[in-house]
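The values are calculated or read from the model by the stated rules, or taken from the named source; none is laboratory data. Note that the structure is predicted; figures quoted are calculated from it, not measured. Neighbour counts run over all protein chains shown; Cβ positions are idealised from the backbone, glycine included.
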Amino acid sequence: MANSAQARKRARQAQKARAHNASLRSRLRTAIKAVRKAIATGDKAAAQGVYRTSTSTIDCIADKKIIHKNKAARHKSRLSAAIKAMAA
């Protein structure tokens, strides 16, 4: 347990940052699920639209270093490939 005032403050700040990062990770997962759901429906145009909005969310979260930029690129690449593999 934190004893000094400085350590108590850092513990409070860490708790707040952790909650914020958790909400951003949740937003990331939701964006990815939305694209996968759109792909599952079979509508390529709708899937591309959802992918476009999700891409900005994924990039935003990678810029804030919540996830690594390579992980963001991997997610975007796999989602894009899944959309391209859909029947036109």
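Being within 30 Å of residue 83 (Cα to Cα) and either surrounded by fewer than 12 Cβ atoms within 10 Å (Cβ to Cβ) or modelled with pLDDT of 95 or more (or both) holds for only one residue in 5, 34, and it is 34.
Looking across the range 5-39 at every residue that is in contact with a helix residue (DSSP H, G or I) (Cβ under 9 Å, 6 or more places away or on another chain) and small (Gly, Ala, Ser), the one that is nearest to residue 72 (Cα to Cα) is identified as 31.
Output the residue which, of all residues in the range 49-88 that are outside any helix (DSSP H, G or I) and under 10 Å from the mean Cα position of the chain (by Cα), is nearest to residue 17 (Cα to Cα).
Looking only at the range 49-88, we keep the residues that are outside any helix (DSSP H, G or I), and these are 64-68, 85-88.
Imposing the further condition that a residue be under 10 Å from the mean Cα position of the chain (by Cα) reduces the set to 66-67.
Working: 66: 11, 67: 14 Å.
The qualifying residue nearest to residue 17 (Cα to Cα) is 66.
When restricted to residues that are assigned to a helix (DSSP H, G or I) and in contact (Cβ under 8 Å) with a residue 12 or more places away in the chain, the range 38-48 contains 5.
Close Cβ contacts (under 7 Å, 6 or more residues apart or on different chains) running from residues in the range 6-33 that are closer than 22 Å to residue 49 by Cβ to residues that are of a type in the set (Ser, Thr, Tyr) and assigned to a helix (DSSP H, G or I) comprise 27/57; 28/57; 31/54; 31/57; 32/54.
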